[in-house]
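First comes the structure, then the notes that go with it.
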Amino acid sequence: MTFTQMPWIDCSAGVMHAEEVSLPALAAQFGTPAWVYSTQALRANWRAFSAALVGRPALVCYAVKANANLSILRIFAEAGAGFDIVSGGELARVLATGVPARKVVFSGVGKSRAEIVAALEAGVKCFNVESAAELHRINTLACGLGLRAPVSLRVNPDVDAQSHPYISTGLRENKFGIPHGDALALYREASDLPGLRVTGIDCHIGSQITAMEPFMAALNKLLELVETLASQGIVLEHLDLGGGLGITYNDETPPSPAAFIGAIRERLDTHPIARKLEAVFEFGRSLVGNAGLLLTRLEYVKHNGERAFAVVDAAMNDLIRPALYQGYHQIVEVAPPPDRPASLYDVVGPVCESGDWLGKNRALRLRGNDDLLAILSAGAYGMAMSSNYNSRPRAVELLVDSGEVRVIRPRESVASMLQAEV
């Protein structure tokens, strides 16, 4: 087994290590299930994007929804990232790291009045507006505070991201954004409203996109609008192409950060108007996805006829992507026995749902109960989407930095779950 997509994982000694730390040692000290993240990987992923943008005005934002742990946010903040948020809670998290609000873009289709006011008072860089109703709400609230809100319209370019329907956001049947054909009229309207300052144009067509064509198609539609707006005296400051660049979970071959940025940059830098605009991006999965894994322990092996199940202590409440998206994650033995042949197993959890599976038909070499398994590429949309379903406490989060390990969120207890209930 090679770990080219997760180079911070080392199995050369026959036992998996995260950076320099043995996974069995982590399991012994902190228990399972456990989320394990690599500081080296987080920083390297950030550098890959930022290095490709040297020499042009740009802001690479981290999409907080992918993994909102404060320690991970701080790593990106220290590196110079901006942040893409979709809720008031995410705004509070970002501000808690000390990041200035002027580096925050506020996306999301259902911003409440309270969230808009909090963002106005904080002074966010921009609201990515998703409807005419939202535009007028922001205008009214900004006027009430004696402010002018910086706004960008999230344009829905009707481009197929070629990813799972649940994470495709750029088609006309999706709830996100303003239809391309309606955008010009709404820009004119926004430019006349006293509480608004039109600063940019935005789109985000989906997630886990592994080809350049959808991005380039969306960019070309945005550039058409940029030209039309400029001809009508509406001058923008930035162009936000969103995020959505995919990662390797199994055999996908997405563009590298350098190739992705290079193609986008070539198009922008040769455009007579766009070359003067700040380029904004909103990456989430591509920054954290392959920087994390879920460590779990085998509880039982059972057979239902010809079907073999490896029942582990992690479940769909920990990692819901397989049940929700049919998302694929490599599952590997932490200490594979070299002399044991592999057999096929469905890797499942203890939750009382037939949908509680983490991987199907996986070739594993299992010794028996208490074997440790690692579910790879789990840094994005893992802990962030976890729950207490079946009254299961959420897992501990660990951050590895060379030979040091920090608990960045302690394991929940049943007592802590019950504490807030009356």
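Every read-out reported here was derived from the displayed coordinates using simple, explicitly stated rules and does not represent laboratory data. Remember, it's a predicted structure, so these values are computed and weren't measured experimentally. When we count neighbours, we look across all protein chains shown, and the Cβ atoms used for this are built from the backbone with ideal geometry, even at glycine.
Each Cα pair under 8 Å and six or more residues apart adds its sequence gap; the mean of these over the residue count of the chain is a relative contact order of 19 percent.
Under 5 Å from the amide H of Leu358 lie the amide H atoms of Val347, Val348, Gly349, each residue being 5 or more positions distant or on a separate chain, with H modelled from the backbone and absent for Pro and chain starts. The HN-Hα couplings worked out from phi for region 217-232 by the Karplus form 6.51 cos²θ - 1.76 cosθ + 1.60 (θ = phi - 60°) are 4, 5, 4, 4, 5, 5, 5, 4, 5, 4, 5, 5, 4, 4, 5, 9 Hz, whole numbers, x standing for Gly and Pro. For region 341-355, putting each phi into the Karplus relation 6.51 cos²θ - 1.76 cosθ + 1.60 with θ = phi - 60° gives couplings of x, 7, 10, 8, 9, 8, 8, 10, x, x, 5, 7, 8, 5, x Hz, in residue order, rounded to whole numbers and with x for Gly and Pro. Derived scalar couplings between HN and Hα for region 272-284 equal x, 9, 5, 5, 8, 8, 5, 8, 10, 10, 9, 8, x Hz in order, rounded to whole Hz, by the Karplus curve 6.51 cos²θ - 1.76 cosθ + 1.60 (θ = phi - 60°), x for Gly and Pro.
The angle separating the long axis of helix 180-192 from the principal Cα axis of greatest extent in the chain is about 60 degrees. The share of C-alpha pairs in region 39-286 whose separation exceeds 30 Å stands at 20 percent. With a cut-off of 12 Å between beta carbons, the residues surrounding Asp346 carry a summed charge of +2, where Lys and Arg count +1 and Asp and Glu -1. Close amide H partners of Phe83, meaning residues 5 or more places away or on another chain with modelled amide H under 5 Å apart, are Tyr62, Val104, Val105. Computed log10 I(q)/I(0) for the chain at 0.09, 0.12 Å⁻¹: -0.59, -0.98, from the Debye equation with unit scatterers placed on every C-alpha and solvent omitted.
Under a 5 Å amide H cut-off, with hydrogens placed 1.01 Å from N, Glu237 pairs with Gly200 among residues at least 5 apart or on other chains.
Here the dipole of region 39-286 is about 700 debye; that uses its Cα centre as origin and unit charges on the Cβ of Lys and Arg (positive) and Asp and Glu (negative).
Note on region 39-286: dipole from Cβ charges, positive end direction compared against Ser286, Val64, Leu153; the farthest Cα belongs to Val64.
Relative to the longest principal axis of the Cα atoms of the chain, the long axis of helix 70-79 lies at roughly 60 degrees.
Taking the helices alone, the chain has a mean residue ellipticity at 222 nm of -9000 deg cm²/dmol, built from -39,500 (n - 2.57) per DSSP H run of at least 4 residues and averaged over all its residues. For the pair Arg74 and Ser413, the difference between a 0.36 nm per residue extended length and the Cα-Cα distance amounts to 119.5 nm.
Rounded to the nearest 20 debye, the dipole magnitude of the chain is 540 debye, with +1 charges on Lys and Arg beta carbons, -1 on Asp and Glu beta carbons, and the Cα centre as origin.
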